[in-house]
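Engineer: One structure, pasted below without further comment.
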Amino acid sequence: MNNLKTVFLLTLLTLLAIGVGDYFGGQNGMVLGFAIAGVTNFISYFFSDKIALAMYRAQPVSREQLPRIYAVVERLTQKAGLPMPRLYVIPTDSPNAFATGRNPAHASVAVTQGILQLLDDDELEGVLAHELGHVRNRDILTSSIAATLAGAITMLARFGFWFGVGGDRNDRDRGGGILMLILAPFAAMLIQLWVSRTREYEADATGAGITHNPYALARALQKIDAYSKRVPMIASPSTAHLFIIQPLTSASIGNLFSTHPPIAKRIERLTGRPEEYQ
């Protein structure tokens, strides 16, 4: 199913680029749009993970630099039957984490400095197991490509502001505004459609199954949610769905991209006793 989603997203990006090219440049614009789509699809498939990591200045870490996290991930990958992913640290005090990559053999897991300082070993294991759950469930490629696609659509809307549909400033503003009204919600709809909230529930369940300790992940979710409200992490709306906890996004369209279920519901599914963690 995730492979079909990936094909659909890449095809949609191609058709969209051709359509926009035709609108602004006729047949020559269609050819240019097709060429741009081909390059973008290649980049989306092979480099969407690297783009997401670069956006948040994630730095690769070695076993010598961070033995604590390496030991946990090695233990978890052996339990889950997964290859060892590349590990990254994001230089921010806000606690969060995400997984990305095109398949388990090319997966990366990134954690923030804040999450390493906030969580104890059992809670950190729960979070890393959740991220490996995304890898095991093979939804990391779809999520990464969806992020690239949403960003590309939003960029097209911004191009519309500069190139517009008319010759003067008022027409340009009006045309760009129309494109923003149409394309930004459309990008949000795609994220919500193809990156369902159920993926977080599934990754929670998979991670808890790997560790056999759902309470550790429940405690981690509660801690991350509470602390991230005091020390928020600013994220692009198009990539916010990658994180284990919804980060802060721009006020203008960020709410449209909400893809995370409520923390209380996730804790309830994990433990069956939400009141214990309220």
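Engineer: Of the conditions (1) small (Gly, Ala, Ser); (2) surrounded by 15 or more Cβ atoms within 10 Å (Cβ to Cβ); (3) at pLDDT below 70, ALA52 fails just one. Which one is it?
Structural biologist: Failed condition: (3).
Engineer: Among the candidates ARG138, ARG197, single out the residue that is at positive phi and at pLDDT 60 or above.
Structural biologist: Values: ARG197 fails: at positive phi.
The conditions single out ARG138.
Engineer: Also: Let me confirm something: among VAL72, VAL109, which residue is at pLDDT 95 or above and in a helix (DSSP H, G or I)? If you could, list the steps in order and put the result at the bottom.
Structural biologist: Values: VAL109 fails: in a helix (DSSP H, G or I).
From the options VAL72, VAL109, the qualifying one is VAL72.
Engineer: Here is a further query. If a residue must be buried (at least 17 other Cβ atoms within 10 Å of the Cβ) and over 21 Å from the mean Cα position of the chain (by Cα), how many such residues does region 70-92 contain?
Structural biologist: Of the residues in that region, 4 qualify.
Engineer: To continue, here is another question. Which residue is modelled with the highest pLDDT, if the candidates are limited to region 249-278 and must be buried (at least 16 other Cβ atoms within 10 Å of the Cβ) and not in a helix (DSSP H, G or I)?
Structural biologist: My answer is PRO261.
Engineer: May I ask you to verify whether SER62 is polar (S, T, N, Q) and buried (at least 21 other Cβ atoms within 10 Å of the Cβ)?
Structural biologist: Details: polar (S, T, N, Q): yes; buried (at least 21 other Cβ atoms within 10 Å of the Cβ): no.
Here the answer is no, as SER62 does not meet what is asked.
Engineer: Still on this structure: Identify, please: which residue in region 96-125 is touching a Ser or Thr at 6+ places or on another chain (Cβ under 6 Å) and not acidic (Asp, Glu) and is, among those, nearest to PHE243 (Cα to Cα)? Write out each step before concluding.
Structural biologist: First, pick out the residues of region 96-125 that are touching a Ser or Thr at 6+ places or on another chain (Cβ under 6 Å): 96, 100-101, 108, 112, 114, 125.
This time we only want the ones that are not acidic (Asp, Glu), so: 96, 100-101, 108, 112, 114.
Working: ASN96: 6, THR100: 10, GLY101: 14, SER108: 13, THR112: 11, GLY114: 14 Å.
Only one residue tops the list, namely ASN96.
Engineer: So, one more: Would you point out which residue out of ALA235, ALA184, ALA220, ALA240 is crowded, with 17+ Cβ neighbours inside 10 Å, at pLDDT 95 or above and not β-branched (Val, Ile, Thr)?
Structural biologist: Working: ALA235 fails: at pLDDT 95 or above; ALA184 fails: at pLDDT 95 or above; ALA240 fails: at pLDDT 95 or above.
Selected residue: ALA220, the only one of ALA235, ALA184, ALA220, ALA240 that is crowded, with 17+ Cβ neighbours inside 10 Å, at pLDDT 95 or above and not β-branched (Val, Ile, Thr).
Engineer: State whether the residues of region 79-96 include one that is among the basic types (Lys, Arg) and either without any contact (Cβ under 8 Å) to a residue 12 or more places away in the chain or in a helix (DSSP H, G or I) (or both). Can you show your working first?
Structural biologist: Within region 79-96, the subset among the basic types (Lys, Arg) is 79, 86.
Restricting the remaining residues to those that are either without any contact (Cβ under 8 Å) to a residue 12 or more places away in the chain or in a helix (DSSP H, G or I) (or both) gives 79.
Among the residues of region 79-96, at least one is among the basic types (Lys, Arg) and either without any contact (Cβ under 8 Å) to a residue 12 or more places away in the chain or in a helix (DSSP H, G or I) (or both), which makes the answer yes.
Engineer: Which numbered condition in (1) farther than 18 Å from ALA240 by Cβ; (2) modelled with pLDDT under 95 is the only one that ALA129 fails?
Structural biologist: (2)
The values are calculated or read from the model by the stated rules, or taken from the named source; none is laboratory data. None of these values were measured; they are calculated from a predicted model. Virtual Cβ from ideal backbone geometry, glycine too; neighbours counted across all protein chains shown.
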